[in-house]
1. Direction-averaged shadow area of the convex hull around the Cα atoms of segment 30-178, nm²?
2. Counting only heavy atoms of the protein chains, get the accessible area per residue of the chain (1.4 Å probe) and round it to a whole Å² value.
3. If the only charges are +1 at each Lys and Arg Cβ and -1 at each Asp and Glu Cβ, what is the size of the charge dipole of the chain around the Cα centre, to the nearest 20 debye?
4. Under 8 Å for C-alpha pairs, at least 6 residues apart: give me the relative contact order for segment 168-252, rounded to a whole percent.
5. Using alpha-carbon pairs under 8 Å, 6+ residues apart, how would you state the relative contact order of the chain in percent?
6. Let me have the 222 nm mean residue ellipticity of the chain computed from DSSP H runs of 4+ only, each contributing -39500 (n - 2.57), with the sum over all residues rounded to the nearest 500.
7. Sort the following peptides by mean Cβ neighbour count (other Cβ atoms within 10 Å, averaged over residues), highest first: 39-49, 16-26.
8. Using alpha carbon coordinates only, what is the Rg to Rh ratio of the chain, with Rh defined as the Kirkwood radius?
Amino acid sequence: MSMPPTNRGTSLQLERIAKTFVGGVEAVAPLDLSINEGEFVAMIGPSGCGKSTLLRMIAGLEKPTSGSIQRIGQAGADIAYVFQDAHLLPWRRVLANVALPLELAGVEKQERLERAHRLLEEVGLSGLETRFPAQLSGGQRMRVSLARAMVTSPRLLLLDEPFAALDEITRQQLDEWLRQLWIDSKATVLFVTHSIAEATFLADRAIVFSTRPAKIVTDHDLSAHLPHQRLADLRGTPVFAEQTRVLYQALRTGDGA
Ligand code: ADP
Ligand code: MG
């Protein structure tokens with residue numbers, strides 16, 4: 001994906017960040033975490049351990065009970081957040097859905113349509129601009145959602161199990177596309193998943209969380225073992241199997257096994 005060269009990733013500094021919900025559910029225990037500019041980080045952990053809560057705090061959608069989050073090189077509008085559901089506006093055509101963030105930012109019509117067209121081309125959806133979301137497959141809707149997230153060239157991309165509801169082949173294709181998009185964009189990406197294989201394929205660094213409240217069990221450097229450019233056939237290699245094994249062990253440890 002082509003991005004302006006000045007568009008760099010964000011770095012994040014989390015210090016003793018914690019969240020206890022009203023009613024007493026402790027979702028995130030005090031944790032420290034540094035994310036470097038331009039990193040692709042996968043966050044893995046059992047269901048209900050506090051991953052979404054952590055991501056929402058980073059996005060500024062949830063207020064921490066204690067601790068602090070520092071974003072460096074980041075203006076608020078440069079964060080994009082993608083959920084498991086595509087969350088498209090059903091009454092808007094595909095093109096108008098993708099152009100929406102630019103519309104809200106006051107970008108002039110000609111430019112926002114051009115940019116939306118370009119993003120749709122990059123996610124492989126050229127020709128579907130005038131469809132409504134209901135006329136698309138689940139995988140296509142997710143591509144539209146990602147195109148919409150990227151249309152403002154965000155420097156921090158937060159993804160919360162975006163492909164979890166898709167079939168395996170579609171998911172793998174989107175993983176390959178996302179990895180390439182990250183290489184081209186140099187944005188900082190935080191990707192929450194409960195799939196070990198997906199985390200291994202996508203990320204340069206994998207953080208494994210324990211059961212609730214989320215604590216860091218392992219912070220593993222995948223980039224030391226896996227290539228920068230990742231193609232589909234990587235999934236069948238011994239080095240890939242070895243890395244998934246490492247993360248699987250960590251997940252079992254965090255699960256009290
Ligand atoms: P994950 O994304 O890892 O599956 P979540 O961050 O969604 O986990 O949730 C962590 C815990 O916090 C769960 O026990 C969940 O029920 C609880 N929780 C999440 N949001 C709220 C909320 N708004 N109010 C109360 N409890 C919540
Ligand atoms: Mg979640």
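1. Numbers: hull surface 39.6 nm².
That works out to 9.9 nm², a quarter of the Cα hull's surface.
2. Details: 11590 Å² over 257 residues.
Ligands and nucleic acids excluded, the result is 45 Å² per residue.
3. 440 debye
4. Numbers: 80 pairs, mean separation 24.3, N = 85.
Relative CO of segment 168-252 lands at 29 percent.
5. Numbers: 504 pairs, mean separation 69.6, N = 257.
Relative contact order comes out at 27 percent.
6. Working: 7 runs with 89 residues, N = 257.
The helix-only estimate for the chain comes to -11000 deg cm²/dmol at 222 nm.
7. Details: 39-49: 21.5, 16-26: 13.1.
My ranking of the peptides, most packed first, is 39-49, 16-26.
8. Rg/Rh: 0.96.
The values are calculated or read from the model by the stated rules, or taken from the named source; none is laboratory data. Worth saying up front: this structure is predicted, and the values here are computed from it rather than measured. Positions of Cβ are backbone-derived with ideal geometry, glycine not excepted, and every protein chain shown enters the neighbour counts. Accessible surface is based on the protein model in full, side chains and every heavy atom, while ligands, DNA and RNA are left aside. Shrake-Rupley method; radii C 1.70, N 1.55, O 1.52, S 1.80 Å.
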